[in-house]
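Read through the structure below, which is laid out as structure tokens, and then see the notes.
The values are calculated or read from the model by the stated rules, or taken from the named source; none is laboratory data. Bear in mind that the values here come from a model prediction, so they are computed numbers and not experimental data. Positions of Cβ are generated from backbone atoms using ideal geometry, with glycine treated the same way; all protein chains shown enter the neighbour counts. To get the accessible areas, we keep the full protein, side chains included, count just its heavy atoms, and leave off ligands, DNA and RNA. Shrake-Rupley method; radii C 1.70, N 1.55, O 1.52, S 1.80 Å.
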Amino acid sequence: MTYDIIIVGGGIQGVATAYELAKRGAGKILLLEKTFLTGGSTGSCAAGIRAQFGSPFNVKLMARSLEIFENMAKELECDNDYLELWQGGYLVLAYSEAEFEGLKRNVEVQHTYGLKTNVLSVEEVKKAFPRVNVEGVYGATYHDRDGHADPFHVTFAYAEAGKRLGVEIREWTPVDTLLTENGKITGVRLQDGSSVYAERVLVCAGAWTTSLLKTVGIDLPLWGEKHEILITEPWERLLGPMVISFSRGYYIQQRPHGSFIMGIPPEDPRHWYRPDEFDFSSSIDFLLRMSSEATNVLPFLKGVNVVRQWAGLYEMTPDHHHAIGPLEDISGLWVAAGGSGHGFMFGPVMAEQLSKWMMGEPMDIDLRPLSPDRFKKGALVIEPAVVG
Amino acid sequence: MIETDVLVIGGGPAGMNAALASAQSGAHVLLVDKFQHLGGQLVKQTHKFFGWAEKGAGTRGFNLAKRLSEDVMNNDNVQILLGYEVVGAYRDGTYLAASWSDHITIKAKKLIVCTGAAERMILFENNDMPGVMGAGAVQTLMNEYGVLPAERFLIVGSGNVGVILAYQLLQAGATVDAIVDVLPKLGGAYWVHAAKVQRLGVPLLLGRTVLGVYGNSRVESAITAKVDEKMQPIPGTEKRHDVDAVALAVGLMPLTDIFQMMGVKTVYVPELGGFVPWHDECGRTTNKDIFVAGDAGGIEEATTASIGGTIAGLAAANDLGYQDNMQAVKDNLEALSIFRTSSLSKKVLEGIERMRGELNA
Amino acid sequence: MGRRITVHPVIEFQKGAQVTIFYEGKPLPAYDGDTVASALIANGIDVFRQSVNLHRPRGLFCAIGNCSSCLMIIDGVPNTRACITSVHEGMTVEQQLNKGMMP
């Protein structure tokens with residue numbers, strides 16, 4: 001079978017890009033997923049979306065991504081309830097004078113790109129968010145269009161919209177090897193031994209991307225880093241914003257369904273390059289640290305039961321930015337991975353811009369600085385506002 | 001933090017016997033149960049057990065529960081944690097037990113899971129209405145707390161549980177309108193029990209299912225109908241039952257959450273009630289430090305659960321090097337196989353065989 | 001309603017000391033050893049909460065802490081399972097009409 005483009009990976013990145021490419025008339029598109037759609041990092045992510053970043057690049061991208069989320073229901077022909085879009089804002093708390101100054105600098109960048117982020121004094125935080133414990137807090141920033149979207153439903157909505165445009169999706173179809181001939185990509189060989197062919201292959205396989213690229217001799221410095229999350233039983237709406245601290249690492253948000261979802265990075269993150277090293281087991285250490293931090297920041301959580309905890313992989317790069325674009329060494333091979341903990345929220349904008357890039361249209365936001373070849377050239381991109 | 005050799009989750013017949021067997025071999029045992037008392041589902045059994053004298057044949061369930069829980073409480077090697085539920089299980093052998101207001105971390109070398117089973121639900125109109133209860137729930141209310149939740153009952157399911165429930169309801173002074181079963185013949189009940197309740201005037205309506213329950217905020221009536229060979233209701237055969245409760249005795253499914261948390265291989269075996277952890281004859285799962293006993297490893301009944309508990313407890317202590325329990329394990333396995341020669345165990349034995357075969361599947 | 005069994009051919013029920021619990025503010029008799037569920041049902045109360053979306057009445061289903069049908073607000077704490085929570089003197093019990101709300 002021959003396609004115009006084969007996409008490997010059924011997370012937000014692969015599925016959204018398949019849709020955007022189909023929309024731009026990219027021809028016959030096949031998407032291959034080794035388990036089920038959202039079966040990798042998308043389905044285990046914390047579902048937060050925010051434009052409160054510090055680097056102009058990320059702010060620009062996320063400002064556009066929020067717009068896409070806001071118009072997604074219409075674009076993909078579903079409704080906001082299905083997407084579980086909730087814009088209760090992100091309340092970023094600063095725990096030192098220096099951290100507060102840093103946040104204010106980020107806000108200046110955000111203002112440059114038209115975002116209406118507010119800088120809040122401790123008194124203002126207390127007044128606007130009385131359930132938040134401000135002990136040790138120096139100030140905060142708040143952007144009301146940040147919030148939450150359901151990673152499963154967003155991905156499924158893209159998938160359905162893509163299928164309506166002719167995208168073929170095959171789940172439970174693991175790719176074994178990328179196929180090349182004379183430095184040119186020709187397709188992929190599946191784990192069942194059969195092959196499918198295309199002139200272009202786009203790998204959006206999250207932390208699994210590294211091992212796939214290795215099959216054609218490419219070393220991408222992209223690794224999986226285990227992060228844990230827990231979720232509680234649902235309550236009525238008690239908390240509007242995602243409450244987050246970059247210095248302490250926690251983030252806590254109430255989903256539209258009513259459950260509280262939260263995470264805190266591992267004290268000693270482990271880096272994995274090979275899928276056989278990946279470990280998705282939960283730890284009691286996370287549960288205890290997370291509960292103690294959460295009940296400190298939001299004391300009312302003491303009465304709320306935890307129902308589940310799980311682990312997923314951040315797909316990290318050395319500068320915590322995506323690796324996105326064509327690979328110089330193999331013509332026709334593209335990659336879009338390395339969201340470094342932000343893959344879901346960046347997914348829609350990355351898909352939109354990448355599809356333009358692949359179709360030879362001008363990009364609204366130039367993604368070329370995120371080229372996967374930048375690491376070997378030492379051209380890193382720096383972002384100050386990250387968790388973990 | 002409590003450190004122990006053997007953590008036993010669930011204080012029913014399997015768990016109490018497992019705790020005793022490990023403790024008597026010299027191991028320190030922590031037994032956790034979410035209720036404020038030991039006994040599990042034995043507490044609500046008023047009938048005398050068949051089977052093996054050593055495991056309480058001829059004794060009523062609640063007396064057996066009392067005897068066993070006294071033995072457990074009097075054993076210095078067993079520490080008992082009541083009112084706590086093990087809500088977290090981690091692969092490094094750490095566990096989290098939570099009560100309503102508190103939590104305790106536990107470190108254990110071996111785990112024996114005796115969490116039992118949950119009642120199955122079936123589809124019919126208004127099946128969420130108060131008055132629709134699991135058969136086990138009715139037994140718990142009636143036989144443990146001395147409370148009858150209704151006056152007139154319809155029982156769905158003619159297995160052991162349904163038929164014994166009917167008898168117990170009559171003993172407690174309630175009326176049983178009928179026992180219905182979708183299958184054309186008696187479910188898994190002992191024939192003597194079924195004959196007894198029929199003699200007492202409870203009709204056994206076979207080939208009939210419940211279509212719905214109706215009432216104003218709680219059950220006031222139920223409608224049943226005959227089914228055809230495809231199990232579809234036959235129009236015109238509807239029958240109204242003036243009952244204020246419907247007890248569902250449509251089977252149980254093993255509670256296997258902990259095995260899934262621990263990454264133990266589970267296998268779907270319909271004969272054993274659904275997903276069960278793969279386990280060897282000692283109850284050892286694909287993680288050699290984790291054992292299963294009782295209904296959690298496959299739906300059976302209290303006597304086999306008791307023997308299974310003893311075997312798992314002996315094996316866990318043996319694996320920890322406390323004493324050589326291999327002969328004792330062998331004796332108990334023999335007792336178990338003798339008990340399972342009855343025709344009612346045929347299905348279970350087939351299920352066990354199917355499960356064993358799935359290890360390398 | 002007299003739902004407590006007084007005469008039984010096999011079991012001798014030993015009631016604990018009487019305590020008073022407050023259901024929706026109304027005092028109800030219960031006994032030490034009762035769960036909230038057994039005490040309410042003994043007093044003729046079968047509806048424990050409403051389902052969160054369609055607001056249908058819900059009561060006891062499994063009685064062993066598995067199914068979440070019997071979640072109530074007990075001593076002010078929502079989402080508490082009535083079937084495995086023991087009564088105590090002065091306990092307050094309320095029907096739960098939503099997902100759980102802070103006072």
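Take the residues of the range C:1-38 that are in a loop (DSSP other than H, G, I, E, B) and under 23 Å from B:Gly215 (Cβ atoms): which is modelled with the lowest pLDDT? In this case the residue turns out to be C:Met1. Annotation: of all residues in the range B:96-150 being assigned to a strand (DSSP E or B) and not hydrophobic (A, V, I, L, M, F, W, C), the one that is farthest from the other protein chains (Cβ to nearest Cβ) is B:Lys110.
Evaluation of B:Ile299 against the conditions (1) within 27 Å of B:His28 (Cα to Cα); (2) within 14 Å of the chain's Cα centre (by Cα) shows that the sole unmet condition is (1). The residues of the range B:172-190 that are in contact with a His (Cβ under 9 Å, 6 or more places away or on another chain) and surrounded by fewer than 19 Cβ atoms within 10 Å (Cβ to Cβ) amount to a single one, B:Gly173.
What residue, among those in the range C:75-103 that are β-branched (Val, Ile, Thr) and more than 11 Å from chain A (Cβ to nearest Cβ), is most open to solvent (accessible area, probe 1.4 Å)? It comes out as C:Thr92. Of the helices (runs of 4 or more DSSP H) lying entirely inside the range B:254-350, the ones with 3 or more residues being touching a Cys at 6+ places or on another chain (Cβ under 7 Å) are found at B:302-319.
For the range B:95-135, name all the residues that are closer than 22 Å to B:Arg284 by Cα and more than 24 Å from the chain's Cα centre (by Cα). If the condition is that a residue be closer than 22 Å to B:Arg284 by Cα and more than 24 Å from the chain's Cα centre (by Cα), then B:Ile106, B:Lys107, B:Ala108, B:Lys109 are the ones that fit. Every condition in (1) open to solvent by less than 10 Å² (accessible area, probe 1.4 Å); (2) under 27 Å from A:Gly360 (Cβ atoms); (3) not in a helix (DSSP H, G or I) holds for A:Gly27 except the one numbered (1). One residue alone among C:Leu60, C:Leu54 is free of Cβ contacts under 8 Å to residues at least 24 places away in the same chain, more than 8 Å from chain B (Cβ to nearest Cβ) and under 29 Å from A:Arg237 (Cβ atoms), and that residue is C:Leu54. Take the residues in the range B:191-221 that are among the aliphatic types (A, V, I, L, M) and either within 14 Å of chain C (Cβ to nearest Cβ) or free of Cβ contacts under 8 Å to residues at least 24 places away in the same chain (or both); name whichever of them is surrounded by the fewest Cβ atoms within 10 Å (Cβ to Cβ). Among them, the one singled out is B:Val192.
Would you mind finding the one in A:Ser96, A:Ser65, A:Ser55, A:Ser121 that is among the hydroxyl-bearing types (Ser, Thr, Tyr) and within 16 Å of the chain's Cα centre (by Cα)? Exactly one of A:Ser96, A:Ser65, A:Ser55, A:Ser121 is among the hydroxyl-bearing types (Ser, Thr, Tyr) and within 16 Å of the chain's Cα centre (by Cα), namely A:Ser65. Of the residues making up the range B:151-190, those that are more than 21 Å from the chain's Cα centre (by Cα), of a type outside the set (Asp, Glu) and within 11 Å of chain C (Cβ to nearest Cβ) are B:Leu170, B:Gln171, B:Ala172, B:Gly173, B:Ala174. Counting only residues that are open to solvent by 60 Å² or more (accessible area, probe 1.4 Å) and either among the charged types (D, E, K, R) or within 14 Å of chain B (Cβ to nearest Cβ) (or both), the range A:260-299 holds 10 of them. How about the range A:204-231: which of its residues are within 13 Å of another protein chain (Cβ to nearest Cβ) and either among the aliphatic types (A, V, I, L, M) or surrounded by fewer than 21 Cβ atoms within 10 Å (Cβ to Cβ) (or both)? Matches in the range A:204-231: A:Leu230 only. For the condition without any contact (Cβ under 8 Å) to a residue 40 or more places away in the chain and open to solvent by 20 Å² or more (accessible area, probe 1.4 Å), A:Pro369 does not qualify. Of all residues in the range C:1-24, those being more than 7 Å from every other protein chain (Cβ to nearest Cβ), open to solvent by 60 Å² or more (accessible area, probe 1.4 Å) and of a type outside the set (A, V, I, L, M) number 8. Within the range A:233-254, take every residue that is open to solvent by less than 10 Å² (accessible area, probe 1.4 Å) and assigned to a strand (DSSP E or B) and give me the one that is nearest to the other protein chains (Cβ to nearest Cβ). Top of the filtered list is A:Gln254. Of the strands (runs of 3 or more DSSP E) contained entirely in the range A:35-149, those carrying at least 2 residues that are in contact (Cβ under 8 Å) with a residue 12 or more places away in the chain, open to solvent by less than 20 Å² (accessible area, probe 1.4 Å) and closer than 22 Å to A:Pro384 by Cβ fall at A:90-94, A:139-143.
What pairs come out if I take residues in the range C:1-23 that are closer than 18 Å to B:Leu141 by Cα and pair them with residues that are open to solvent by 40 Å² or more (accessible area, probe 1.4 Å) and of a type in the set (Gly, Ala, Ser) whose C-beta lies under 6 Å away, six or more apart or interchain? What qualifies is C:Gly16/C:Gly33.
Candidates in the range C:39-50 are the residues that are assigned to a loop (DSSP other than H, G, I, E, B) and either more than 7 Å from chain B (Cβ to nearest Cβ) or of a type in the set (Lys, Arg) (or both); of these, the one that is surrounded by the most Cβ atoms within 10 Å (Cβ to Cβ) is C:Phe48.
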